[in-house]
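The values are calculated or read from the model by the stated rules, or taken from the named source; none is laboratory data. Predicted, not measured: the structure shown is a model, and the values here were computed from it. Here the Cβ is made from the backbone with ideal geometry for all residues, glycine too, and neighbour counts use every protein chain on show. Side chains included, ligands, DNA and RNA excluded: accessible areas come from the protein's heavy atoms. Shrake-Rupley method; radii C 1.70, N 1.55, O 1.52, S 1.80 Å.
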Amino acid sequence: MKENFAGKIWKLGDDIDTDIIIPTQFLALKSVEDMKKYAFHPLRPELASLIQPGDIIVAGKNFGCGSSREQAPEIIAALKVGCIIAKSYARIFYRNAFNNGLLLLENDVLYDCCNEGDQVAVNLENSQVFLGEEAFPVVSIPGDLLQMVQAGGLVPFMRKKNGK
């Protein structure tokens, strides 16, 4: 993961729950790779096929609420989303996301200032996101969580840390 990157915005609303991220009926599929094409299906059935590697999801408040299913952040990571920038996150989703190598950033203003399709640039070093020339501060991510995302999640991070 780079400290500076940019991507196209896909804009979602408030209270995007884990049942919207991956509906229950698709959890029986064999792998996350099989499931990822159904991401956000109840909300926008076509969205998973439109998201390109490095794209960025911008959402409202309480992203990832609902059940604690670990497949929700796994599937977004499998779509190769660059990060999610939301007003706030459900606590369990937040931790599951980092455990699965998915970067989450918080800002409570960007959502109201951007449009789907806009380009946003992320500068992790300075904890800022840029929409055009306008800078939006994001909550700083602790170094160990950034290292976890860079490693691809908790298990690869711990293997690397323990020399395995």
message: Need the C-alpha centroid separation for the range 63-84 versus the range 27-57, integer Å.
response: 10 Å
query: Share of antiparallel DSSP beta bridges in the chain, in percent to the nearest 5?
result: 50 percent
- request: Write down the accessible area per residue of the chain in Å², having rolled a 1.4 Å probe over the full set of protein chains.
  value: 50 Å²
- prompt: For the chain, which whole percent of the accessible surface, found with a 1.4 angstrom probe, sits on carbon and sulfur atoms?
  reply: 49 percent
field: Mean separation of Cα contacts under 8 Å (6+ apart) over length of the range 26-100, as relative contact order %
entry: 34 percent
field: Surrounding net charge for GLY54, when Lys and Arg each add one and Asp and Glu each subtract one, Cβ distance under 12 Å
entry: +2
message: Taking 8 Å as the Cα distance limit and 6 or more residues as the minimum spacing, I'd like the relative contact order of the chain as a percentage.
response: 24 percent
query: Taking one equal scatterer on every alpha-carbon of the range 59-164, how large is log10 of I(q)/I(0) by Debye at q = 0.16, 0.20, 0.23 1/Å?
result: -0.72, -1.07, -1.31
message: Going Cα to Cα from LYS8, which lysines come in below 28 Å? Please leave out same-chain ones fewer than 8 positions away.
response: LYS36, LYS37, LYS61, LYS80, LYS87
statement: Cα extents of the range 1-72 per principal axis, largest first, Å, are 36, 26, 22
- prompt: What share of the DSSP beta bridges in the range 46-131 is antiparallel, in percent to the nearest 5?
  reply: 25 percent
